[in-house]
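Right, one structure below, let's go through it.
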Amino acid sequence: MKYEFIITDITDEEIPDLVKLLTKTSMNASQPVAETVVPPTQPTQPTQPVAETVVPPTQPVAETVVDLNTKDADGLVWDARIHSSSKKMTKKGVWAARRGRTEEEYQRVKAEQLGTTVVPPTQPVAETVVPPTQPVAETVVPPTQPVNTDINSILLRIQQGFASGKMNAESIPNIIANINSKFNAQCVQITDIASNQEMMDYTAQLLTESGI
């Protein structure tokens, strides 16, 4: 392939440089360009399909049939009044309790099954509170003032003694004898003591001792 160039307005100094440029260009153009060989792409291996894991269907668990007449550790058979509707036993070997069951219900049903008597819980006895005893005011009895015995009161008591039969004909002489012995006196009649207070008081004491 040939190319034609027309160069204008060039000086003599620029000619050598132009020749060098053209020569270099011509040499580069004559060298064959190495072709880059791209190896053919290897075909991609097809992806192997992943085997699907097949899970076998779960076998139904056979339900355990519990004999409700089986006695538990307490000797009781299943009873809907006190036992759970699940009809299962606990680790202790007793029927599971019904929710909300009270101890009183359990003991009553247990007594029915075992043929025993339920003893009701003892009710606490209310303590009787005794109020403190109020101190009793002491009654102060004033001392008895001695009554001065006179001859008239003695004569009246002697009269009552005869009327009641507690005195007789010998009573007066005996009283006078006691007075004379006590006071070393010589009284003859009971009225002789009227002037002596001690004798009258002593005579009143003798009458009292005789129940008069």
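The values are calculated or read from the model by the stated rules, or taken from the named source; none is laboratory data. All values reported here derive from a predicted model rather than from experimental measurement. Virtual Cβ from ideal backbone geometry, glycine too; neighbours counted across all protein chains shown.
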Limited to region 173-191, what total is found for residues that are part of a helix (DSSP H, G or I) and touching a helix residue (DSSP H, G or I) at 6+ places or on another chain (Cβ under 8 Å)? 8
In region 59-113, how many residues are of a type in the set (A, V, I, L, M), modelled with pLDDT of 90 or more and outside any strand (DSSP E or B)? 9
List pairs: first in region 148-159 and within 13 Å of S171 (Cβ to Cβ), second of a type in the set (S, T, Y) and assigned to a helix (DSSP H, G or I), Cβ under 7 Å, 6+ apart or cross-chain? I154/T203
Would you mention how many residues in region 166-212 are among the hydroxyl-bearing types (S, T, Y) and within 17 Å of D150 (Cα to Cα)? 5
